[in-house]
Protein chains: 2
Amino acid sequence: MNIINLDHISYKPLLPEVKEAMIEAINSDLHNPSSQHKAGEKSAELLAQARENVAALVNAADAREIVFTSGGTESVNHAVKGAAWANREKGNHIVTTNIEHNSVIRSVKRLTSQGFKVTSLSVNESGRVDPKEVADAITDKTILVSVMHSNNETGTIQPIEEIGAITREKKVLFHCDAVDSVGVVPMDVNALNVDLLSFASNPFYGPTGAGGLYVRRGTRIFPLLDGGVQEHNKRGGTENLIGIIGMAKAAQMAAANMDERRAHLEDLKQYLADELPKHLDDYIINTNLEHSLPNLLNISLKYIEGESVMLMLDEENVAVSTKSACATGSLRASHVLLSLGLSHADAQGTLVLAWGVDNTRADIDKLLSALSGVVKTLRSMSPLYKK
Amino acid sequence: MNIINLDHISYKPLLPEVKEAMIEAINSDLHNPSSQHKAGEKSAELLAQARENVAALVNAADAREIVFTSGGTESVNHAVKGAAWANREKGNHIVTTNIEHNSVIRSVKRLTSQGFKVTSLSVNESGRVDPKEVADAITDKTILVSVMHSNNETGTIQPIEEIGAITREKKVLFHCDAVDSVGVVPMDVNALNVDLLSFASNPFYGPTGAGGLYVRRGTRIFPLLDGGVQEHNKRGGTENLIGIIGMAKAAQMAAANMDERRAHLEDLKQYLADELPKHLDDYIINTNLEHSLPNLLNISLKYIEGESVMLMLDEENVAVSTKSACATGSLRASHVLLSLGLSHADAQGTLVLAWGVDNTRADIDKLLSALSGVVKTLRSMSPLYKK
C-alpha cells in the first residue's frame, strides 16, 4: 500500500541518514552523559556535538543557549511558564495572539489562574498580527511577548523581526514558537531579536519526542522540569540521547540542504496553487501566499465537511489532515480559522495540505484528481450546495 | 575495551529485544498516532498496545491510567506540581521526606515559592521513614504526600504500603517516586494504595527519554505540558513513539523475567556483601540490607574520596559512581547520606555499586580485587588514615 503523504504537518518521515544515526546510537549502548567515567565521557562528547549542530540551525552564538527538550510542546511550556514565573516580581502581564498553537494558548491560560494577565491580539484578514498592536499592548507590567513564527494550520508567517525590534527596545522578553519553521526556512535568533525560541525535531525530519528551546544567554527563566543539573541546570532528567542524536543529524541535513529543499517545496506550492482552480471551485485559500511556509496550503471547501473529505481521500491512499493533529478528537472549528474571520460552516470544510521533500508534482496531480471526485460526490449529497 | 559496568544506576544497556523493537519502529515510519487516516491508525494501535504492556507492569486496572512522559523527572514534576496546583483550593500543605530525588525536592521547593508549605520528614538510622510520622504530619491543609519507593543512592525501600493505607484513610493524595523500582521489583499500584506513581524506562533496560506516570482514575491533577489533547488530555505533545515502543518491550520482558532476574541480582548482592569484608576494612554499608533493591549497594570508604576511587577504577575498566548521575558537577556531599547521619567526611568516601542482569560473580571479583588495590593506594597517601 503506497500512501501519498500530504499530511507532513502531522508527521514527517525520518530521513535515511537520521534512521542510520539513531540505529547506530541504539547499537552503541551510550552510557549516561553525566557519568564521569570513560563510558560516560563518550556520551557527553556526542551530546556536546549534537548541541553544536542544533545551535547552528538557529544561528545561536553559543551552543549552551540550546536546551534539549522532549519536543515542541515542552519547549513552549518551558519558555512561557518558565519566563513568567522567573520574572513575576517585574510584572504579571503577557502579550500573545489569538492564533497560537494550543501549547501557548493553554500555557498562558494556566498562568492566568496563577495571577497573570493576558492580552491576546487578533490577526488581520491576511492572517498576520500588526507589530504596532504588539507595541501598543505592552505596558510597564508586561514581562513576556509570545508570537509564533509560522502558524501550524495555515503556514502563514508572522513579522517576528519587527516584533523583536519592539520587544528589544521596550526590554520585554520575547518568545517565538517556531516549531513549524525551524529547519524548514532559515532561522536566525539574532536577526529576529528573540530571547526564547521553541522548536521540534520532526518538522525537519528528525524523530518525535525530541526538540529544543533556544534561551538567549542572560535570560531569566525557571526550569519546567526541576531535578538534576542536566542541560546547564535548565532541565532535569537523563537526556534522550538516541532522539537527540537523530535530531542533530536532521539539523545538519536541514542546514546543508535548506535552499534546495525550499526550491522544491516552493515549486510544489506554486504548482498546487496554479492547478487548484482547474480542478475545484468554491474554495477559500486561508494561507497568506506572500508570507508563508513553502510546504503548506490551507483551503476551505465550501458546502462540505473536511472530515469526510479526509476519510474519502484516505480510501484512495492520499493522507491529508483537517487541522492540527494536536486537536484531534475536538469537534470544535479551528480557533485559527475563526480568528481569520471564517464562518463556522466554512471552517468545517478545511483541509491542511502539507508536503515534504519526498513529494512530487505527480503526488499533487493524484491529490487533485482524487479531491475533485470526492468534492463532487460530497457536494451532490450536501443540502447546502445548490448548483 | 571491555568495561565492567557496575554503574547500572546511571545507565542500563538496552536489551537486544528492546533494540530490535526500536529499530523496527524506526524503519516503519510510524505516522502521528493522532492522525485519523490509515497511517495514523496503525500508530494509534501500537501506542495503545504499548500502554497495555506498561500498565501491566504496575498492575494498573486500566491502561488509560498510564501517561507516557519523557522520563522519571517529567513524571515526578507532573505528579507533584500537577497535583498541588489542581488541589490548591483544598489546601496548600505537602508532606515529603529528606531523602527524595532532586526532582521531588526541587519541585516541592518551586511550589513553596507559589505559596505551598512543606513538611520534610527525616529517616531513621536504617534509612526508612516512619509511617507514623507521616500520619502525624498530615493536617487538614495537606493535599499531597510524596515518598519514594526506593532510594536511588542507597537502594533502601520505604514502607509505601503502610503509608498508602494512611493517606487512603485520611483522603490525601499519595505520590510515590518509584523510578528505580518499577521493572526491578514487583509493583502493584493497588496493593500500595498510591494515587500517583512515577517511573522511567531505563531502570528496566528501556531507552532513556521515555517514562510514565500512573494516575489513578479520578485523581485531580493538571497537566505539566499544556497543549494538545494527547495522553487522554493529560500531556500535550506528539508522542515519542520509538521510545515508547522500546519501553513497552522492556516492560514486557521485565514482567516475564522478574523472578529470574531478581534471583540473579540478589545472588550478586549477597555475594558482594559476603566478600566485601575479605577485601576491605573501615567501611560503612549505607544500604538497608533487609529492605532494599536487589541490584545496589552503597558503601562509604573511610579516609578517602569516592571521586578518586571512581577515577582509579575507571583506569582499570570498572565503571562505578559516587552519587546520583543527576547530581554530577555538584561538589556537595549527598543529602541522602547526610540524612542517614553520616559525617561529611564519610559521605565523601561513598561508592554506589549497581549491577544488572548482564553482570556475573566474576565481575564482582574483578571489582573487589581492583577496589582493594585502589583503596590501599589512596589510604597510603591519606593524611587521615593512620595504621
Requested in this report: Being more than 12 Å from chain B (Cβ to nearest Cβ) and crowded, with 19+ Cβ neighbours inside 10 Å is the filter here, so list the residues in segment A:225-257 that pass it.
Outcome: A:234, A:248, A:249, A:250, A:251, A:252, A:253, A:254
Requested in this report: Kindly provide the set of residues from segment A:191-219 that are within 12 Å of residue A:60 (Cβ to Cβ) and within 14 Å of chain B (Cβ to nearest Cβ), ordered by number.
Outcome: A:199, A:212, A:213
Query - Some residue of segment A:84-94 being without any contact (Cβ under 8 Å) to a residue 40 or more places away in the chain, β-branched (Val, Ile, Thr) and over 22 Å from residue A:226 (Cα atoms) - result: no
Report summary line: Of the listed residues (B:300, B:292, B:308, B:321), the one being within 14 Å of chain A (Cβ to nearest Cβ) and in contact with a strand residue (DSSP E or B) (Cβ under 7 Å, 6 or more places away or on another chain) is B:321
Requested in this report: Look through B:274, B:267, B:358, B:314 and report the one residue that is within 14 Å of chain A (Cβ to nearest Cβ), surrounded by fewer than 19 Cβ atoms within 10 Å (Cβ to Cβ) and out of contact with any Cys (no Cβ under 8 Å at 6 or more places or on another chain).
Outcome: B:358
Query raised in the report: Is segment B:45-57 home to any residue that is β-branched (Val, Ile, Thr) and touching an Asp or Glu at 6+ places or on another chain (Cβ under 9 Å)?
Result: no
Query - Residues of segment A:181-212 satisfying the condition of being under 21 Å from residue A:16 (Cα atoms), outside any strand (DSSP E or B) and within 12 Å of the chain's Cα centre (by Cα) - result: A:183, A:184, A:201, A:202, A:203, A:204
Requested in this report: Go through (1) without any contact (Cβ under 8 Å) to a residue 40 or more places away in the chain; (2) within 14 Å of chain B (Cβ to nearest Cβ) one by one and return the number of the condition residue A:281 breaks.
Outcome: (2)
Requested in this report: Would you please name the residue that is surrounded by the fewest Cβ atoms within 10 Å (Cβ to Cβ), looking only at residues in segment B:76-93 that are away from every other protein chain (no Cβ under 11 Å) and in a helix (DSSP H, G or I)?
Outcome: B:83
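Quick grid of which residues meet (1) touching a residue at least 24 places away in the same chain (Cβ under 8 Å); (2) among the β-branched types (Val, Ile, Thr):
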position: A:304; (1), (2): yes, yes
position: A:310; (1), (2): yes, no
position: A:344; (1), (2): no, no
position: A:349; (1), (2): yes, no
position: A:352; (1), (2): yes, yes
position: A:359; (1), (2): yes, no
position: A:364; (1), (2): yes, yes
position: A:374; (1), (2): yes, yes
position: A:379; (1), (2): yes, no
Query raised in the report: over 27 Å from residue A:41 (Cα atoms), in contact with a Gly (Cβ under 9 Å, 6 or more places away or on another chain) and among the charged types (D, E, K, R): does that describe residue A:180?
Result: yes
Query raised in the report: Which of the following residues is facing chain B (nearest Cβ under 10 Å), surrounded by 23 or more Cβ atoms within 10 Å (Cβ to Cβ) and modelled with pLDDT of 95 or more: A:14, A:57?
Result: A:14
Query raised in the report: On the given criteria, is residue B:44 out of contact with any strand residue (DSSP E or B) (no Cβ under 6 Å at 6 or more places or on another chain), part of a helix (DSSP H, G or I) and without any contact (Cβ under 8 Å) to a residue 60 or more places away in the chain?
Result: yes
Report task. Output yes when any residue across segment B:164-177 is modelled with pLDDT of 95 or more, outside any strand (DSSP E or B) and touching a Phe, Trp or Tyr at 6+ places or on another chain (Cβ under 6 Å), and no when none is. Result -> yes
Query raised in the report: Given the structure, is residue A:82 closer than 30 Å to residue A:136 by Cα and in contact with a Pro (Cβ under 7 Å, 6 or more places away or on another chain)?
Result: yes
Requested in this report: Take the residues in segment B:28-39 that are surrounded by 22 or more Cβ atoms within 10 Å (Cβ to Cβ) and more than 7 Å from every other protein chain (Cβ to nearest Cβ), then tell me which one is farthest from residue B:228 (Cα to Cα).
Outcome: B:30
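State all residues of segment B:60-87 that are over 12 Å from residue B:219 (Cα atoms) and acidic (Asp, Glu); if no residue qualifies, say none.
B:62, B:74 - these are the residues of segment B:60-87 that are over 12 Å from residue B:219 (Cα atoms) and acidic (Asp, Glu).
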Query raised in the report: For segment B:130-148, which residues satisfy the criterion of being surrounded by fewer than 24 Cβ atoms within 10 Å (Cβ to Cβ) and in a loop (DSSP other than H, G, I, E, B)?
Result: B:130, B:138, B:139, B:140, B:141
Report task. Might you let me know whether segment B:110-123 holds any residue that is away from chain A (no Cβ under 14 Å), over 30 Å from residue A:84 (Cα atoms) and surrounded by fewer than 17 Cβ atoms within 10 Å (Cβ to Cβ)? Result -> yes
Query raised in the report: Of the numbered conditions (1) touching a helix residue (DSSP H, G or I) at 6+ places or on another chain (Cβ under 7 Å); (2) away from every other protein chain (no Cβ under 14 Å); (3) not hydrophobic (A, V, I, L, M, F, W, C), residue A:260 satisfies every one except a single condition; which is it?
Result: (1)
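The values are calculated or read from the model by the stated rules, or taken from the named source; none is laboratory data. Treat the numbers as computed from the prediction; the structure is a model and nothing was measured. Cβ sites come from the backbone with ideal geometry, for glycine too, and all protein chains shown count toward neighbours.
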